[in-house]
Amino acid sequence: MINEIDCPNEIITNKDFYCSFNLSGVNGLFDIKFQMYGTNSTINKVWNNGWQRSDWYLNGFIDKNGNYNIKNIIYNYTGNAELIIRIRESGEKSFNLEKKISLKIVSERNEENNTNIEEKEIEEYVEKPKINETLILNETSKTIIKLNYDDISSEIVYESRTNKIKNGLLFLSITVFVGLLIFQLFKYGKRDNDNRDAWES
């Protein structure tokens, strides 16, 4: 009895694949035919020390109960298909058991497109990174605004209005002080020259 048949949900054309099945009630040696039909003809080959036509029996393939694997390949066909498994006693003309299942054959390009669509859908559900914003205000020092991203880090430095006024007054005071100092030096220098001229005369 053929208990279970397991083939890929979607079979890619021109690529080999395995189908497995489980047998019970086996007593003796049996042959098996593992044939897949497309629209009007057989579409697969099976591996038996080389690729073999699937409308031929694999003689003496089954000799006990248990699980079996058969390697297949389908050439240049896409669409719906049907797998028909037939088992006969070795050397007999007619089969004893038959099992049928439906299959779907796709192209490699369609398989890649489906994978890309699935990856895109996954990306759309991924939560976008959040932006953490930190603002630090200090009237006696510089104001720092720091924006932290997962992959972008930037730091912008601004001066507060109070600091700008203080810095402006400091610069003005230094300028006035330097100006007065230069004026005094010039004034004292001129006085020394006048005194020297008066002394020499």
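Here, each number is a calculation from the coordinates, and none is a lab measurement. All values derive from a computational prediction rather than experimental measurement. Cβ: placed from backbone, ideal geometry, glycine included. Neighbour counts: every protein chain shown.
Some values worked out for this structure:
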item	result
Cα gyration tensor category, rounded, prolate or oblate, for region 2-111 with a/c compared to 1.5	prolate
Nearest-0.05 FRET efficiency for Glu89 and Asn65, computed from C-beta distance (R0 22 Å)	0.90
Size of charge dipole - region 1-86 - debye, nearest 20, with Cβ of Lys, Arg +1 and Asp, Glu -1, no other charges	200
Placed amide H near Val26: partners under 5 Å, 5+ positions off or other chain	Asn65
Pairs beyond 21 Å (Cα-Cα), from Lys33/Lys64; Lys71/Lys104; Lys15/Lys64; Lys15/Lys93; Lys15/Lys99; Lys64/Lys104	Lys15/Lys64; Lys15/Lys93; Lys15/Lys99; Lys64/Lys104
Full-extension gain in nm, Tyr18 to Asp55, via 0.36 nm per residue minus C-alpha separation	11.6 nm
